[in-house]
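See structure below.
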Amino acid sequence: MTTPVQTPDATSALPPTQTDANNQALLQVRGLKKYFPITQGILFQKKVADVKAVDGVSFDVHPGETLGLVGESGCGKSTTGRTILQLYRPTEGQVIFRGKDLAQLKSEDLRKMRSDMQMIFQDPYASLNPRMTVGDIVAEPLEVHNIVKGKEKKERVQELLQIVGLNPYFINRYPHEFSGGQRQRIGIARALAVNPDFIVCDEPISALDVSIQAQIINLLEELQERFGLTYLFIAHDLSVVRHISDRVAVMYLGKIVELTDSKALYENPLHPYTRALLSAVPIPDPLIEEKRERIILVGDVPSPVNPPKGCRFHTRCPLAIPICKEVAPEWRDVGNGHFVECHVV
Amino acid sequence: MSNVLLDVRNLRTEFVTQDGVVHAVNGVTFQVDEGETLGLVGESGSGKSVSMLTVMRLIPMPPGRIPSGEVVFQGQDLLKLSTEEMRQVRGNKVAMVFQDPMTSLNPVLTIGTQITEALELHMGMNKDQARKRAVELLKMVNIPEAERRLDDYPHQFSGGMRQRVMIAMGLSCSPQLLIADEPTTALDVTIQAQITDIVKRLKHELGMAIIWITHDLGVIAGLADRINVMYSGYIVETAHTKELFANPLHPYTVGLLGSIPRLDQGKKEKLTPIEGLPPDLVNLPTGCPFYDRCTFRTQKCLEENPPLMSVGVKHWSACWNYEAVREKRDEILRRTVAPPVAA
């Protein structure tokens, strides 16, 4: 559909990462960095520093899987998602989707690629244009990508609404007439309109009530099965991520500190940050809560403008040893596709 | 347990709006004992915050109005107090910590000024005494370099730190009752763990009662002695924490428990969501407010709204069909073995 863009062989000359032996990743992210400049001055703005929102992350996403990306606010998980979709252009690094480096694509080629990759946003109140009807919102990607026109378009929109569990007669209504959960369904229908293979779900349920969250989680799982979708599921809620993901990556201050399949992550967490994060998640059972030992981290996440030298977590780490302050740990495989970045484990 | 500290009876709160009267709280009755932690659980619009704002007399009137109810605190009906008398109670004997630490602190005053305000007002302290006490309070909530930080402004604190400042302010006059309105909802889990840890410790040290409002069943499981589950302005189930989790007897409570993924459960079969939406608070049904979304509903539910009925030891549920719920809930909750019912 587009002229192939010349990219140098993408995977060579890169630091070793968790590429599988059979290497059939749908998406390969390599050394991805996104810095936002901090400027000073009114007329002649000069850059004084960078917010290192994402500072060198590498991972693969396999077709049909759900990769969970968890971390606390400000760790760069949403920026990672947006940089992958080129909503922010990366400062450095590669995003290889089906063999093409998206970071090198020009705008027109990129626009065409967008029909394969979509996004579901966190806030269903802010991500739908209040002046457009639901029909127009869902039809917009169909028009932009010239997929269907006229009567067919209307049918397709109605079909999409039905797929996400909304009444197809709603097409002439406006977003404010819907509840949060219904709006999130509209956002999902819009993402599905172009038949994407890969969807970045950026905290799709955080803004919803508990009983509605389960409806949306189930819908996302159904759609994945039905259309063979691949998800990058970004969330701060580890219980939800455990439920929906095949593999999970844990982010801290712009870096992925641990990545493994979700069973291993929850049963055998290796990184001290992952352990603390897991122990902090409350479990809705008073009998279990009574017996649990919490690892309470001291202090707050340091600023991403000046991340700590050495291991970024050393300022809060209960296991830190002298080397952690000096040398950044390497990203290494400890077996069975379990990756961790820590000196101690 | 011990003496009743707060006794709320048949409390109703309504708001007159253009679209009609919003029935936010529809006759809730409950008590809080001295030193007890009561959890108030429900989704947005269930009336949990509004009922507590009514207790604190913080509902703007109009558009709000309180057609009925008593809020007896230490033998005094707070709803009958004059504005001036209420001011003596609020922040002094009963204090409230709000959800959003970003917006509930005044951005143009140092946090020292904001903490000492209540101390000078209620405790009759002079500036130096108040400042000394403020430092103690900040130390109590684990804020490092407390003395220096008193002169900082709210924007110089992180979210978790601000929430601690809010708690310190709430505790400043050693209240007998602290109402915490979703105090950890805006925070990350590691910070949430820090805050709940502090609150548990302080509760133990100071012996105050706490009403903890939340939508997160996980947080409340580790904190509360007793839980009220609210839906559409009604309390639909109330029981001791262990009893409620082991033996939920209202379809809504069962639905809530079934719809949350748990960290200690793997990628299993599907969650059981509660289908549909909560009812419109302007046009509440005459029958049970949960009727539309309930899987246990019968004709009677449509006709008559169930009152809270005693269904166990200190356990009440507002459901006509609680026996059916008892039989079928383990299936909904994907439980293989029912946990032992706590005494």
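No value in this document is a laboratory result; all are computed from the given coordinates. The shown structure was predicted, so the numbers you read here are calculated from the model rather than taken from an experiment. Cβ atoms come from the backbone with ideal geometry, glycine included; neighbour counts cover every protein chain shown.
Would you mind calculating the relative contact order of chain A from Cα pairs under 8 angstrom and at least 6 residues apart, reporting the percent as a whole number?
Relative contact order, chain A: 19 percent.
Within 10 Å of each residue's Cβ, count the other Cβ atoms and sort A:K100, A:K154 from fewest upward. Mind showing how you got there, number by number?
Working: A:K100 20, A:K154 15.
Sorted ascending by nearby Cβ count, the order is A:K154, A:K100.
Between helix B:159-171 and chain B, what is the angle of the helix's C-alpha long axis to the longest principal axis, kept within 0 to 90° and rounded to the nearest 10?
80 degrees
Using the beta-carbon distance between A:F227 and A:E290 and R0 = 41 Å, what value does 1/(1 + (r/R0)^6) give for FRET efficiency, to the nearest 0.05?
Efficiency, rounded to the nearest 0.05: 0.40.
Provide the packing ranking of A:223-234, B:136-147, i.e. peptides ordered by the mean count of other C-beta atoms within 10 Å per residue, highest first.
Averaged packing, sorted descending, gives the order A:223-234, B:136-147.
Please compute, for peptide B:214-227, the average count of beta-carbon atoms on other protein chains lying within 10 Å of each residue's beta-carbon. Write down the numbers at each step before the final one.
Values: counts 0, 3, 4, 5, 8, 4, 4, 9, 10, 3, 1, 1, 0, 1.
Mean shielding by partner chains, rounded to a whole number: 4.
Sort B:175-183, B:200-208 by the packing proxy (mean of other Cβ within 10 Å over each peptide's residues), most packed first. Mind showing how you got there, number by number?
Details: B:175-183: 23.3, B:200-208: 14.4.
For the peptides B:175-183, B:200-208, the packing ranking is B:175-183, B:200-208.
In what sequence, highest mean first, do A:208-217, A:332-341, B:248-257 appear when ranked by Cβ atoms within 10 angstrom?
My ranking of the peptides, most packed first, is B:248-257, A:208-217, A:332-341.
Would you mind giving the mean number of other chain beta-carbons within 10 Å of the Cβ of each residue in A:265-277, as a whole number?
Values: counts 0, 4, 1, 0, 0, 0, 0, 0, 1, 0, 0, 3, 4.
For peptide A:265-277, the averaged partner shielding equals 1.
Straight distance only, please: which lysines reach the Cα of B:K93 with their own Cα at less than 24 Å, same-chain residues fewer than 8 apart left out?
Output for B:K93: B:K48, B:K80, B:K127, B:K132, B:K139, B:K200, B:K203.
If you rank A:E65, B:E275, B:E304, A:E267 by fewest surrounding Cβ atoms within 10 Å, what's the result?
With the sparsest Cβ surroundings first, the list reads A:E267, B:E304, B:E275, A:E65.
What does the helix-only formula give at 222 nm for chain A: each DSSP H stretch with n ≥ 4 adding -39500 (n - 2.57), the total divided by the residues, and the result rounded to the nearest 500 deg cm²/dmol?
-8500 deg cm²/dmol
Roughly speaking, what is the centre-to-centre gap between the stretch A:67-91 and the stretch B:256-320 when only Cα atoms are used, to the nearest Å?
38 Å
Within straight cross-link reach of A:K77, meaning Cα distance under 23 Å, which lysines are found once same-chain residues fewer than 8 apart are removed?
Within the straight-line cut-off, A:K77 pairs with A:K33, A:K34, A:K52, A:K100, A:K255, A:K263, A:K309, B:K267.
For Cα pairs less than 8 Å apart in space and 6+ apart in sequence, what is the mean separation divided by the residue count of chain B, i.e. the relative contact order in percent?
Contact order relative to length: 19 percent.
For A:A49, what residues show an amide H to amide H distance below 5 Å, using hydrogens built from the backbone and excluding near sequence neighbours?
Close amide H contacts, sequence-distant or interchain: A:I38.
Please give the average number of partner chain Cβ atoms lying within 10 Å of the Cβ of each residue in A:73-80, rounded to a whole number.
Taking the mean over all residues of the peptide, I get 1.
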